[in-house]
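Following: one structure in structure tokens, then a few remarks.
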Amino acid sequence: MPGPPALGPNYLVPPQEVVRNGKQVAVDLVYQLTNYEEFDDPRSRFRNIAGEEGMADLAAAAAPLTHWGRWSRGEVVYPQLGGLTDDKTSVMTVVRQTIGSGAEEEFTLVRTLDVRLVKGPNGWEFDRLASAGGVFASVEDLELAHEVAADPRIEMADSARLDILDGKISPMLMKVMLDVADITPYAITVMATGHPYHVFETNRVSHHTVGRAIDIHRVGDRQVIDDREEGSPTWDLVWWMWQNNEIVQVGSPWDVDAPGKRRSFVNTVHQDHIHMAVVGPNDPLWVPALGGRVWDDLDADGLQDDGEPGLGGITVRLVDGGGTQRGSTTTDANGAYEFRNLRWGDWRVRIDVPTGHRASPRNRGGDDTIDSDIDGNGAMPETFLDPREHEPHWDAGLYRRASIGDLVWEDVDGDGVRDDGEPGVSGVTVRLYDADGAEVASTTTNADGVYGFSDLTPGTYHVEVDLPSGFVATLRDRGSDDGLDSDVDAGGVMAATTLTSNEQDRRWDAGLVRLTSIGDYVWQDLNGDGLQNGGEPGLNNVTVRLLTSGGSQVAATTTDANGEFEFTGVRPGVYRLEVEVPDGFAATTRNAGSDDSKDSDIDAEGRTEATRLTSGEADDEWDAGLVVAPTP
């Protein structure tokens with residue numbers, strides 16, 4: 001299926017241009033603002049350019065360039081300096097912007113944007129967009145405004161004419177004004193400028209304020225106040241207005257509405273003029289509309305954070321003030337949805353929360369453009385739309401539950417890494433704590449040492465293991481595979497981790513070891529055969545050291561009156577023993593015979609070979625035979 005034209009190259013400011021670098025900064029900004037796809041979210045562009053704090057101001061200034069649901073292709077024609085000081089400049093950038101949808105181009109406008117820059121530590125930087133060249137959505141709207149303002153059949157104050165030429169008046173209203181002029185000449189008292197902002201003595205924004213209404217004080221050559229007979233030209237015009245579906249409000253000397261309707265009204269104020277307000281079904285910039293975004297709230301904090309994706313295909317329903325569903329749609333690939341062509345009044349949005357999802361916390365933070373507005377059932381609060389109002393920030397954060405867990409195992413070799421054949425430890429109590437340190441849940445490991453906590457709200461948690469009697473924690477964070485190492489410290493506590501939406505984090509393991517012992521016997525080998533024979537005595541007060549495989553001392557002791565020694569409470573690992581051979585003695589023959597419990601295990605320096613102590617092992621077969629050293 002054909003799509004929009006490809007993005008064109010950006011304008012490169014020639015080397016000979018004055019303030020070339022500043023001009024290029026402005027050009028790059030304009031290129032970003034005017035080149036986008038149909039379903040792009042412009043907020044990300046505004047945020048990238050102006051940062052979080054300046055995003056709202058840039059969004060407002062760039063509104064004429066921003067066409068939701070349409071693609072845009074911008075071509076910079078030329079950047080001209082509009083002013084320059086040592087630390088500030090204005091770059092008036094002429095850009096040709098083409099707007100379209102699908103493969104169709106809809107219209108092209110040439111605008112001049114006033115881009116303001118300031119001198120920062122690294123050169124010229126964006127300050128603000130001072131002007132985006134007017135608010136007309138199309139060349140046709142601009143031409144229409146000139147036609148209405150110059151029409152001799154429509155008498156109006158200069159302030160009303162300026163409202164039209166300033167882009168303050170709805171194109172739909174201007175079209176209806178021409179239709180009225182085809183029926184009869186008329187005179188306008190007021191459009192926007194000069195009318196109260198609110199409906200008098202209320203807090204409702206007037207249709208005049210938003211450019212959707214006019215007051216007509218003369219029809220043909222007669223004032224409305226003098227033409228209030230049924231069948232008069234003013235009467236006929238009011239009936240024509242009431243029958244025109246583009247007109248949503250008619251205030252006049254007559255109430256021509258059907259019972260229970262609100263399009264027509266009469267009161268003392270509307271005896272001397274006709275009030276006419278419009279909403280156009282094909283006027284996307286002016287008709288009442290609301291929309292927003294449904295997103296995957298990965299951290300379930302109720303705020304749209306950078307990188308949190310939209311959820312496509314979610315059903316969104318529109319309900320009127322009476323509770324009747326008036327429409328439904330589904331979110332696009334970016335999670336966006338919108339309802340347009342609405343009448344002014346009360347509306348409510350409901351989200352069909354998909355199975356397995358839950359609603360994020362509602363109304364978090366102080367920025368209504370990035371929070372979630374749904375309750376636990378997917379319903380948003382009711383809102384009143386004025387005729388020109390477009391509310392684009394009725395958003396819904398959804399998340400899925402997360403889980404955490406894995407295994408408590410006996411680290412037989414004490415290396416901190418789970419090896420094949422190392423068994424799980426059953427019946428161990430495991431506790432889950434939240435970010436505030438409050439216990440959320442507890443469980444015990446099953447027969448295979450497996451544990452898990454599920455159905456968790458995304459957030460920050462940590463796991464603690466109640467170390468069973470006789471066990472201590474093995475070495476922590478050893479090796480490069482986080483799925484095989486142990487994550488508990490000496491107290492059984494794991495580091496905090498943040499679970500995101502639908503995360504199944506099965507990497508939190510606890511390796512446990514039982515302490516070991518090693519030792520045995522130092523004796524005098526009277527016959528020097530390297531074997532313990534009956535009657536050969538143990539040697540008292542001989543120093544024995546426990547060393548790591550690399551030779552570092554772990555502990556030291558001395559033999560008792562019987563020549564026996566032992567190191568207890570030793571963590572599993574690789575060790576060797578070193579016997580401090582007393583003066584006048586030497587080591588006997590090593591590894592004599594076939595009975596390892598009777599031989600001597602030390603070399604001439606008094607050291608044994610390395611041995612691995614496994615979890616819970618009591619290795620009492622390490623002996624040292626000493627003989628009287630020959631006289632020199």
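Side notes on the structure shown:
- Added length on full extension, which subtracts the Cα-Cα distance from 0.36 nm per residue, Val450 to Trp239: 68.1 nm
- Amide N proximity, segment 163-205 versus Glu155 label position 7 Å along Cα-to-Cβ, cut-off under 18 Å: 178, 180-191
- Rounded to 10°, Cα long-axis angle of helix 42-61 versus longest principal axis of the chain: 30
- In a reduced charge model with +1 at each Lys and Arg Cβ and -1 at each Asp and Glu Cβ, segment 176-254 shows a dipole moment near 340 debye about its Cα centre.
- The angle separating the long axis of helix 20-34 from the principal Cα axis of greatest extent in the chain is about 80 degrees.
- Note on the chain: with charges restricted to the Cβ of Lys and Arg (+1) and Asp and Glu (-1), its dipole about the Cα centre is near 3480 debye.
- Backbone phi angles across segment 615-629, fed through the Karplus curve with coefficients 6.51, -1.76 and 1.60 (θ = phi - 60°), yield HN-Hα couplings of 3, x, 6, 10, 9, 10, 10, 10, 10, 9, x, 10, 10, 5, 5 Hz in residue order; Gly and Pro are listed as x.
- Along segment 143-149 the Karplus relation, 6.51 cos²θ - 1.76 cosθ + 1.60 evaluated at θ = phi - 60°, assigns HN-Hα couplings of 5, 4, 4, 5, 5, 5, 5 Hz to successive residues, with x for each Gly and Pro.
- Point-charge dipole on Cβ atoms (K/R +1, D/E -1) for segment 560-632, about Cα centre, debye to 20: 220
- Computed lengthening from Val18 to Val118, 0.36 nm per intervening residue step minus Cα-Cα distance: 34.4 nm
- Packing-based ranking of 351-361, 141-151 yields 351-361, 141-151, ordered from highest to lowest mean Cβ neighbour count within 10 Å.
- A 1.4 Å probe run over the chain, with the rest of the protein chains in place, finds 47 Å² accessible per residue.
- Sulfur and carbon atoms: percent of accessible area, the chain [1.4 Å]: 47
- Computed lengthening from Gln524 to Ser594, 0.36 nm per intervening residue step minus Cα-Cα distance: 23.2 nm
- In the list [x] 69, 36, 22; [y] 87, 30, 17; [z] 60, 28, 20, the label attached to semi-axes √(5λ) of the Cα gyration tensor in Å as derived from the coordinates here is [y].
- Ranked by the mean number of other Cβ atoms within 10 Å of their residues, highest first, the peptides 201-212, 30-41 fall in the order 30-41, 201-212.
- Residue (of Ala61, Val180, Thr193) at the positive-pole extreme of the chain, dipole from beta-carbon charges: Val180
- The chain, relative contact order in percent, only Cα pairs under 8 angstrom and at least six apart counted: 7
- The modelled label-to-label distance for the pair Arg362/Ala556, using points 7 Å beyond Cα in the direction of Cβ, is 7.2 nm.
- Under 5 Å between amide hydrogens, built in the peptide plane, is the criterion, and for Leu475 it picks out Gly416 among residues at least 5 positions away or on other chains.
The values are calculated or read from the model by the stated rules, or taken from the named source; none is laboratory data. From a predicted model like this one, the values you see are computed outputs, not experimental measurements. Cβ: placed from backbone, ideal geometry, glycine included. Neighbour counts: every protein chain shown. Side chains included, ligands, DNA and RNA excluded: accessible areas come from the protein's heavy atoms. Shrake-Rupley method; radii C 1.70, N 1.55, O 1.52, S 1.80 Å.
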